[in-house]
Amino acid sequence: MPPTTGEVGHPVAHTGVRKLADQSDVARWMRDKTDLWVQPKVDGVAVTLVYRHGRLAQAISRGDGRSGEEWTARVRQIPAVPKVTEGELANSVLQGELFLQRDGHVQKQMGGMNARAKVAGTLMRLDSSAQLAELGIFIWAWPDGPQDMRQRLALLRKSGFLHSASFTQSVTDAQQVVRWRERWLTSPLPFATDGVVVRRGHEPAGRLWAPGQGEWVVAWKYPPASRLMEVRGIHFSGRAQRQNFPSSRCWSRSTWMTNGLSKSVSGRFPVGSAWILVPAISYKSVWRARAFRVSTASYGDRRSVRNRSHPRNGLPH
């Protein structure tokens, strides 16, 4: 993480967000709730901004949600972060995401581009003024701010936090969330994203916030660009030597891996020894595959998985 001057407590804890699996989960969570809003889940590094008497007084990394690292000196060098606020924002605590500014980033085509690591790397470098100029800020929470979301967004925009107002949309049902999620996945945006966040406009008092207890906000992430598939057997069909593997869903596609291996290559799989295949779809619909050997019965133990990727085609050698 970035260089720091010590750990400090957050004035208001970061709650984190509970992850929902699909549209049905989103619909169940939204049931009987009002004043709901959807935002893109910006892919970056979480931060607390503290303003006192109209000036940026402190910036703190998320850390464990209750305390984090002192980032004030570095964040003050980011042009996109307002240094002066007024009105209700003059004495406020904001929570948001420092992100890598992009020009027309289409998530479905370009993916995350390691955006989070790049932001953290920029903050770590001692001489990174030019790189800091490439960072932006997306405010997703104003604890103890105005309860009316539209008023909150208008005040944020007035103080220079432009993205929150542009990318926070009112929703009443899960189908509207689906439409915004697909739109932000396929349209040019100024940042990388990894899903959407749905939140209630009306939030508890900031003193009640605690890590893992943000019941008023949830996330629905995009499908991963790769999946694990266990190789239990390989069947060759016809002269083309087609091989079929289990169905795997990546992004919005449910696909079958076929024609992935030649007969000679497939012989490298000791099927009885528990191999898994990792198909990954690139952002131009090109498949590639990596194989791993699992040496224990527990697939959840990462230490038991040994990469056997071929340097050229990603297959075992």
Exercise. Yes or no: residue 97 assigned by TED's automatic domain parsing to the domain that holds residue 112, of a type in the set (Asp, Glu) and over 30 Å from residue 223 (Cβ atoms)?
Worked result: no
Seminar exercise, completed: In the stretch 140-162, residues that are in contact (Cβ under 8 Å) with a residue 60 or more places away in the chain and either touching a strand residue (DSSP E or B) at 6+ places or on another chain (Cβ under 8 Å) or not basic (Lys, Arg) (or both) total 10
Seminar exercise, completed: Looking across the stretch 1-60 at residues that are hydroxyl-bearing (Ser, Thr, Tyr) and in contact with a Leu (Cβ under 9 Å, 6 or more places away or on another chain), the single one that is nearest to residue 202 (Cα to Cα) is 48
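Residues checked against (1) among the charged types (D, E, K, R); (2) in contact with a Phe, Trp or Tyr (Cβ under 6 Å, 6 or more places away or on another chain); (3) exposed (fewer than 15 other Cβ atoms within 10 Å of the Cβ):
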position: 47; (1), (2), (3): no, no, no
position: 59; (1), (2), (3): no, yes, no
position: 72; (1), (2), (3): no, no, no
position: 86; (1), (2), (3): yes, no, yes
position: 90; (1), (2), (3): no, no, yes
position: 93; (1), (2), (3): no, no, no
Exercise. When only residues in the stretch 178-221 that are touching a Gly at 6+ places or on another chain (Cβ under 8 Å) and of a type in the set (Lys, Arg) count, which is nearest to residue 11 (Cα to Cα)?
Worked result: 221
For this session: Considering (1) of a type outside the set (S, T, N, Q); (2) under 25 Å from residue 196 (Cα atoms); (3) more than 22 Å from the chain's Cα centre (by Cα), say which one residue 90 fails and leave the rest.
Result: (2)
For this session: Considering only the stretch 117-159, state which residues are among the polar types (S, T, N, Q) and surrounded by fewer than 20 Cβ atoms within 10 Å (Cβ to Cβ).
Result: 128, 129, 131, 147, 151
Exercise. Just for the stretch 175-202: of the residues that are of a type in the set (Gly, Ala, Ser) and surrounded by fewer than 20 Cβ atoms within 10 Å (Cβ to Cβ), which one is nearest to the chain's Cα centre (by Cα)?
Worked result: 187
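What helices (runs of 4 or more DSSP H), lying completely within the stretch 67-161, carry at least 2 residues that are over 29 Å from residue 202 (Cα atoms)?
Values: elements: 72-75, 107-110, 115-124, 129-132, 149-158.
Answer list for the stretch 67-161: 72-75, 107-110, 115-124, 129-132.
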Problem set entry | Selected residue [among the aliphatic types (A, V, I, L, M), modelled with pLDDT under 95 and under 23 Å from residue 218 (Cα atoms)] from 120, 133, 115 | 115
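The values are calculated or read from the model by the stated rules, or taken from the named source; none is laboratory data. This one's a predicted model, so the numbers in the text were calculated from it and none came from an experiment. As a convention, Cβ positions derive from the backbone with ideal geometry for all residues, glycine included, and neighbour counts pool all protein chains shown.
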